[in-house]
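Inspection log for the structure reproduced underneath, given as C-alpha cells.
The values are calculated or read from the model by the stated rules, or taken from the named source; none is laboratory data. Nothing here was measured: the structure is a model prediction, and the numbers come from that model. Here Cβ is always computed from backbone atoms with ideal geometry, including for glycine, and neighbour counts include all displayed protein chains.
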Amino acid sequence: MNYYDEPSTIMSLKSFAQWIPFGQVLELSAEELWQLMEQSEVQILDVRTRQEWLRSRIQGAINLPITQFNEENVNALNLNKNIKTITICLSAHRSIPAVRQLNKMGFTDCQQLAGGMLAWWKQGLWTTSGEAR
C-alpha cells in the first residue's frame, strides 16, 4: 500500500477537494437574484473579505469570509437552513466551496451568484457600502 491508498490520506484528499474553487454547483444570474430578492425571502452570504464587503455589497448580504467559513461560524449567523441561500464572492470562485459546505451542513437550497459581484456590477444593480446599520 502506498501513501495515497492509506485511509487517512484518502479522507484528507476528499476533505480538501470540497474546498477547491472549481467544479459545478447550482447558480443563478445577477438578474435572477435581483428578481428573487423582489419576490421572496432569500439569504445572501458574501464570502469575500471584510474589506471587499465594506467597499460594495448587495443590500442585506451577510459577510462571512471564506477563510473563516466553518460550521461554528455559520451557525452563529442563525441562518434558516430551509430558505434559499445564495453565496457570493468577487468572481464566483470562493463561493463554490461555500455552497458545498452549506449543503453538507444541511442547507436545502443553496446556489452561487454566477459571475459573482463582477456580474452584479456589470448589470448596474444596486449596491451599498460601509458598515451595516
Residue match in segment 69-77 (condition: of a type in the set (S, T, N, Q) and either within 14 Å of Leu33 (Cα to Cα) or surrounded by 14 or more Cβ atoms within 10 Å (Cβ to Cβ) (or both)): no
Subset of segment 1-32 (residues that are part of a helix (DSSP H, G or I) and modelled with pLDDT of 95 or more): Ala30, Glu31, Glu32
Ile88 free of Cβ contacts under 8 Å to residues at least 60 places away in the same chain and among the β-branched types (Val, Ile, Thr): yes
